[in-house]
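A short worksheet on the structure shown next.
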Amino acid sequence: MTYYSYKGFCLVEHGGRLPEGANAVSEPVDPLVFLVSRDPKVSRGLFAIDSLAELDEPEGISLLLPPPEETRDDALAVFIRAHGATVANTAFSRWFTVLEAFRTRGKSKPRVNLIGLGNVGGTTAIGLKLLGTDLAEIGVYDRDEKQSLRYESELNQVLSVRDGETLPPVRVRNEAELFDCDALLFTAAKAVPEVGAESGGDVRMMQFTANRELLHAYAKHARECDFSGLFCQISDPVDQLSRAVFLMSNQNEQGEFDGKGLLPEQVRGFGLGVMHARAVYSAECDGIATEQLRVYGPHGNGLVIANAPNEGYDNAISLALTHKAETANLTVRAFGFKPYIAPGLSSAAVSVLRALRGEWHDAAVPLGGAYFGCRSRLTAAGAQQRREVLHPELYERISESYRKLEEFHAE
C-alpha cells in the first residue's frame, strides 16, 4: 500500500482521487485519511473510523450497531487502532476544504450566526448568550431589521453569572456576512401553524414545503461562498429539511446534482434534543429510570424512545414514553401557547454548543439516503455516531422509522 503526504495529511487511495501535488511516503503518519469515491447522494462525505473494519461498511441504519470485528493485525490495522483515521469521499469536490475545517475546529473560539429571531430564534439567541461562554461572537439576522437591532441591544446588556466570566458579544449581520462564521443556525420559518390549527396532524410536517422554499436561497449561498462550517437546521421539519439543504446546495443551475456544495456532515438537524428532554421529563414523572434512556429518529412522527438500548428494554414503557414526547408540543398548544422555549434551548442552544465543543449530542445526521436522529459527535477526524448493541424490538422500530424517512425523500 502506498501512502502520500499532502498539506499536513497522510493520504491513502481506496478508490478515491488523489489531489494534485501529493507525494509518496514510506509509512503512515497521523492524521491518516482514506480517499474513497462513493455515490454522493447516499454516502457519507467525511467520517472517522477506529478500525479498518469500518472502512467499507454499507451506508444506512446499521451504522448505529457495533462495527464488524477487526480481523486484520498488520501494521496498518494496528496503526488505526492506535490513532484512528478519516474517510473522505472525493466525489465531493470540496472534501479537502472541509477536512481542514474539521481538523482545526476547537483551536479558536467559534463564531456563530443565527438567522431568524422569531420565538424559537429569539430563545436560541438568549440561550447562546448565557451558555456560550466559549463563543467568540454571536451574529444575528432577521428580515425585520428592528428585531436584529433589538436583540443586539438587549443581549449585550446581559451580565454574566460568575465574576470574571465573559459572555460573547452579539452583533447584527447583513445577508452578505451570514456565512462568515463557523456555524450558521437557521431558525427562520415561513409558516408556523397557529394555536388551534393542528387538526390532529403533525404540526411540524405542515411547514415542509414553505420552509424548504425559504431555505433554497441560503443553501445556494452556502455553495457559492464555499462555506466550510456547519449548517445547523433548526426550523421544522428538521430531518427532512436537513436533507433538502444538502441536496439543494449540491445542485447546479440546471438543477443537476454535482457534488460541489455542502458535504453531508456539514448539515445537521437540531430537533432531537427537546425530544430527549421531553422523554426524560415524562420518565421522571412516571418514576422510570432515565440513565439508559435512548432517543432516535425524526423530530415528530416516527420518533423512537427507548427506556434502555438492549438489556432492560421494555417495549410497552418505551412506546408510552415515545407517545408522550411526540405529543408534548400539543399539550402546550392546548394551554394556548406555541411550544418554543424547550426547543429553542434543548434542541438548538444546548445541542449546538455541545456539537461545537466536540461533545456527544442529539442531532439528525446523514445515514444513507436520509438524515436520522441519534447521538453523535464531531471530532477532528470526522463525524461519529454512537454505536451499540440494540434490542431486536428496538432495532425493528428504528429501522421502520428510517425506512419512512427514506421513502419520503424518494417521493
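The values are calculated or read from the model by the stated rules, or taken from the named source; none is laboratory data. Bear in mind the structure is a predicted one, so any value in this text is a computation, not a measurement. Virtual Cβ from ideal backbone geometry, glycine too; neighbours counted across all protein chains shown.
When every residue of segment 291-304 is checked against the conditions, at least one turns out to be surrounded by 24 or more Cβ atoms within 10 Å (Cβ to Cβ) and hydroxyl-bearing (S, T, Y).
Could you pull out every one of the strands (runs of 3 or more DSSP E) wholly within segment 1-59 that has 1 or more residues that are buried (at least 20 other Cβ atoms within 10 Å of the Cβ) and either at pLDDT below 95 or not assigned by TED's automatic domain parsing to the domain that holds R387 (or both)? Can you show your working first?
On the way: elements: 3-6, 9-13, 23-25, 32-36, 46-49.
Strands (runs of 3 or more DSSP E) meeting the threshold: 9-13, 32-36, 46-49.
Does N250 meet the test of being at pLDDT 95 or above, closer than 22 Å to R44 by Cβ and either assigned by TED's automatic domain parsing to the domain that holds Q385 or in contact with an Asp or Glu (Cβ under 7 Å, 6 or more places away or on another chain) (or both)? Answer is yes for this residue. Taken over segment 377-386, the criterion of being over 13 Å from R44 (Cα atoms) and in contact (Cβ under 8 Å) with a residue 60 or more places away in the chain is satisfied by L378, T379, A380, A381, R386.
Just to be sure I understand, how many residues within segment 61-104 are under 24 Å from L215 (Cβ atoms) and out of contact with any Ser or Thr (no Cβ under 8 Å at 6 or more places or on another chain)? I'd like the intermediate steps shown before the answer.
Step one: of segment 61-104, the residues under 24 Å from L215 (Cβ atoms) are 89, 91-95, 97-98, 101-102.
Of the ones still in play, those that are also out of contact with any Ser or Thr (no Cβ under 8 Å at 6 or more places or on another chain) are 92-93, 95.
Counting residues in segment 61-104 that are under 24 Å from L215 (Cβ atoms) and out of contact with any Ser or Thr (no Cβ under 8 Å at 6 or more places or on another chain) gives 3.
Here L319, L330 are screened, and the one residue that is modelled with pLDDT under 95, surrounded by fewer than 19 Cβ atoms within 10 Å (Cβ to Cβ) and not in a loop (DSSP other than H, G, I, E, B) is L330. Within the set F208, F186, F179, the sole residue that is more than 17 Å from G344 (Cα to Cα), at pLDDT 95 or above and under 20 Å from the mean Cα position of the chain (by Cα) turns out to be F179. Taken over segment 58-88, the criterion of being touching a helix residue (DSSP H, G or I) at 6+ places or on another chain (Cβ under 6 Å) and more than 20 Å from S26 (Cα to Cα) is satisfied by I61, P67, P68, E70, R72, A88.
Which of the residues spanning segment 151-176 are under 25 Å from L215 (Cβ atoms) and modelled with pLDDT under 95? Matches in segment 151-176: none.
Selection of first residues in segment 338-364 that are free of Cβ contacts under 8 Å to residues at least 60 places away in the same chain and of second residues that are in a strand (DSSP E or B), restricted to Cβ pairs under 8 Å at least 6 apart or on distinct chains, gives the following pairs, ordered by first then second residue: R354/H361; E359/R377; W360/R375; W360/S376; W360/R377. When K324 is tested against (1) in contact with a Lys or Arg (Cβ under 8 Å, 6 or more places away or on another chain); (2) surrounded by fewer than 23 Cβ atoms within 10 Å (Cβ to Cβ); (3) of a type outside the set (A, V, I, L, M, F, W, C); (4) under 30 Å from R111 (Cα atoms), just one condition goes unmet, and that condition is (4).
In the set (1) touching a helix residue (DSSP H, G or I) at 6+ places or on another chain (Cβ under 9 Å); (2) outside the structural domain of R386 (by TED's automatic domain parsing), the condition left unmet by N301 is number (2). Among the residues of segment 214-243, what is the count of those that are buried (at least 22 other Cβ atoms within 10 Å of the Cβ) and more than 12 Å from L184 (Cα to Cα)? Qualifying residue count for the region: 10.
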